[in-house]
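Peer 1: Pasting a structure below so you can have a look.
Just so you know, all these numbers are worked out from the coordinates, no wet-lab data involved. Quantities reported herein were computed from a predicted structural model and do not represent experimental measurements. Please note: Cβ atoms are built from the backbone with ideal geometry, for glycine as well, and neighbour counts cover all protein chains shown.
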Amino acid sequence: MRKATVLALSTLIIAVMIVPAVVAATVWNPPSAFESSTSWKNAGNAYVDDGNEAKAESAGQSVVYYGFGFGITPAESTIDGIQVQLDTRQAPPSGTGYFSVQLYDGSSWTSTTLTTGPLGSVYTLGSETEKWGGSWTTAKINSVNFKVKITSLGTTNNWFIDIVKVGVTYTAPSDTTPPVITPTISGTLGNNGWYVSDVTISWTITDPESTVTSTTGAETTIINYDTTGVTLTCSATSSGGTSSQSVTIKRDATKPSISASATPLPNANGWNNVDVIVTFAATDDTSGVASITSPVTVSTEGENQKATGTAVDNAGNSASVDAYVSIDKTKPEITMPTFPSTVYLNQPVSGEWTATDALSGVDGAASGTITVDTSTVGVKSGKVTVIDKAGNFQEQTWSTTVMYKFVGFLPPIGTAGHTDPKGRVSHNDM
Ligand SMILES: [Ca+2]
Ligand SMILES: [Ca+2]
Ligand SMILES: [Ca+2]
Ligand SMILES: [Ca+2]
């Protein structure tokens, strides 16, 4: 016998050494409700320890209390025992009244019924290891359907209770795992892991086996600035250990800066008369430029022809710019006056020229007068030059010959001839 006892003791010691230290806890709660079918008077007076009492006026009357509001966690905790405490009195004080108490686990009443002694004291029924013949879980204890039935028994005039309380002793499971930390990141994700909006980072920390005793970096953070990478770390400790989680946030919510340039540049009038190459350039401070429109060659004629360039950064933000190109490659048209091929000395000769340009328009005078110098004989020529606003030249020439005017031969002046009626003198009358 002695040997067996020593063996049992050493087994117990080994068991204590292997199992991590677990601490039982007891929580006490009063009820918050009773079943309305009760025959007791003022049953709700037993919620609070205030001298106001619930009362049964005859033996064999039961009151059922519930709504104890237990919230024992973690759910895997073991229920070790249940106690019911009653602050009792009877009238007259010398009676033999007492109470019996039973528990309800949500589906049946416990097989064990415990009873008080003669009323007039505070009785605590059960113990930290008494299960009342029931099979308990945290779910049953935490349920609103966990109930206590108190029945008046014995002989007296009135059975009183000032307060009823239930104490539940439980043991949390031992914990070998640290808390689980889960980040929640909300924001608009662009390309390549870059966020393109404000980013909110929050953390969920759970440990089903034990209480999380400390955390760092668990606060919600809003990243409202562009960054190539900011790392947030959350740590949490339970009796299962310490764990950490980190997230790195890259934010670029800013469009690239884009510009356009033209080659060649337009003239002072804003026109080109050759093909124009529009080249785009962009910069981006945070994620960098990912793509940009290739140079655009504008070769068609027209005013304010649009060339659009777009730049996209590595986060997916895009920006566009419009360049306007005016091209006129067509020379102006000149309408020249028509001069005869020959004109006479001192004959007044002049004519009007006019010019038109369909695209950029004539730059300068669009008409003018050509006056031929007929004061001397010979070939006279000139040219009209017109330029449009794009710099295209047009040139037209004119030419005519100034000649003496011969109207015929006058007869020589005779000595023996006669004078004709017009006063001219002829030598021979034919
Ligand atoms: Ca009371
Ligand atoms: Ca754990
Ligand atoms: Ca950017
Ligand atoms: Ca033109």
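Peer 1: Report the per residue volume, in Å³, of the convex hull enclosing the C-alpha atoms of segment 23-171.
Peer 2: Expressed per residue, the convex hull around the Cα atoms of segment 23-171 is 95 Å³.
Peer 1: Under a straight-distance cross-link criterion of Cα-Cα below 13 Å, which aspartates and glutamates are reachable from Lys306, leaving out those fewer than 8 residues away in the same chain?
Peer 2: Counting by Cα, and skipping residues close in sequence, Lys306 has these aspartates and glutamates nearby: Asp322.
Peer 1: A further question follows. Quick one: Debye curve from the C-alpha atoms of segment 162-287, no solvent, what's log10 I(q)/I(0) at q = 0.15 Å⁻¹?
Peer 2: -0.82
Peer 1: Right, here's the next one. Pick from Thr310, Thr376, Thr200: which residue has the top mean-square fluctuation in a GNM of the chain where Cα pairs under 10 Å get a spring?
Peer 2: It is Thr376.
Peer 1: Set the Förster radius R0 to 51 Å, insert the Cβ-Cβ distance between Thr137 and Ser294 as r into 1/(1 + (r/R0)^6), and round the FRET efficiency to 0.05.
Peer 2: 0.10
Peer 1: Right, here's the next one. I'd like the per residue volume of the convex hull spanned by the Cα atoms of segment 261-318, given in cubic angstrom. Walk me through the intermediate numbers first.
Peer 2: Numbers: hull volume 4.9 nm³, N = 58.
It is 84 Å³ per residue.
Peer 1: Straight-line reach only, C-alpha to C-alpha below 25 angstrom: list the lysines that Lys380 could link to, leaving out same-chain residues fewer than 8 apart.
Peer 2: Straight-line reach from Lys380, under 25 Å: Lys405.
Peer 1: Using a cut-off of 26 Å between alpha-carbon atoms, which lysines can reach Lys149, once sequence neighbours fewer than 8 places away in the same chain are excluded?
Peer 2: Lys41, Lys55, Lys131, Lys140, Lys165
Peer 1: Then there's this: Work out which chymotrypsin sites (Phe, Trp or Tyr not before Pro) in the chain are exposed loop sites (DSSP not H, G, I, E or B, at most 14 other Cβ within 10 Å) and give the longest gap free of them. Show your work: numbers first, answer last.
Peer 2: Working: sites that count: Tyr225, Tyr404, Phe406, Phe409.
Of all site-free stretches, the longest is 1-224.
Peer 1: Could you list which residues have their amide H under 5 Å from that of Gly190, counting only those 5 or more apart in sequence or on another chain, with H placed in the peptide plane?
Peer 2: Tyr195, Val196
Peer 1: From the backbone phi of segment 177-194, what are the Karplus-calculated ³J(HN,Hα) couplings (6.51 cos²θ - 1.76 cosθ + 1.60, θ = phi - 60°) in whole Hz, Gly and Pro given as x?
Peer 2: Going residue by residue, I get 10, x, x, 9, 10, 10, x, 10, 10, 10, x, 9, 8, x, 8, 6, x, 8 Hz, with x marking Gly and Pro.
Peer 1: Could you grab the relative contact order for segment 333-403? Cα pairs under 8 Å, six or more apart, rounded to a whole percent. Let's see the in-between values first.
Peer 2: Details: 147 pairs, mean separation 26.5, N = 71.
It comes to 37 percent, rounded to a whole number.
Peer 1: Another question about this same structure. Averaging sequence separations of C-alpha pairs under 8 Å and six or more residues apart, then dividing by the length of segment 258-327, give the relative contact order as a whole percent.
Peer 2: Rounded, it is 35 percent for segment 258-327.
Peer 1: Does anyone have the angle between helix 2-18 and the longest principal axis of the chain? Alpha-carbon axes, 0 to 90°, nearest 10?
Peer 2: Helix 2-18 sits at roughly 20 degrees to that axis.
Peer 1: Write down Rg/Rh for segment 333-403, rounded to two decimals, with Rg from the C-alpha atoms and Rh from the Kirkwood relation over Cα pairs.
Peer 2: 1.07
Peer 1: How high is the relative contact order of the chain, in percent, with contacts defined as C-alpha pairs under 8 Å that are six or more residues apart?
Peer 2: 11 percent
Peer 1: Around Gly241, with a cut-off of 14 angstrom between Cβ atoms, what is the net charge of the other residues, counting Lys and Arg +1 and Asp and Glu -1? Write down the numbers at each step before the final one.
Peer 2: Values: positive: none; negative: Asp175, Asp207, Glu209.
Charge balance in the 14 Å sphere: -3.
Peer 1: Starting from 0 in steps of 10 Å, tell me what percent of the Cα-Cα pairs of the chain lands in each bin.
Peer 2: 4, 12, 10, 9, 9, 8, 7, 6, 6, 5, 5, 5, 4, 3, 3, 2, 2, 1, 1, 0
Peer 1: Let me test this: with uniform point scatterers at the alpha carbons of segment 102-144, what is the Debye-based log₁₀ I(q)/I(0) at q = 0.20, 0.23 1/Å?
Peer 2: So the normalised log intensities work out to -0.71, -0.86.
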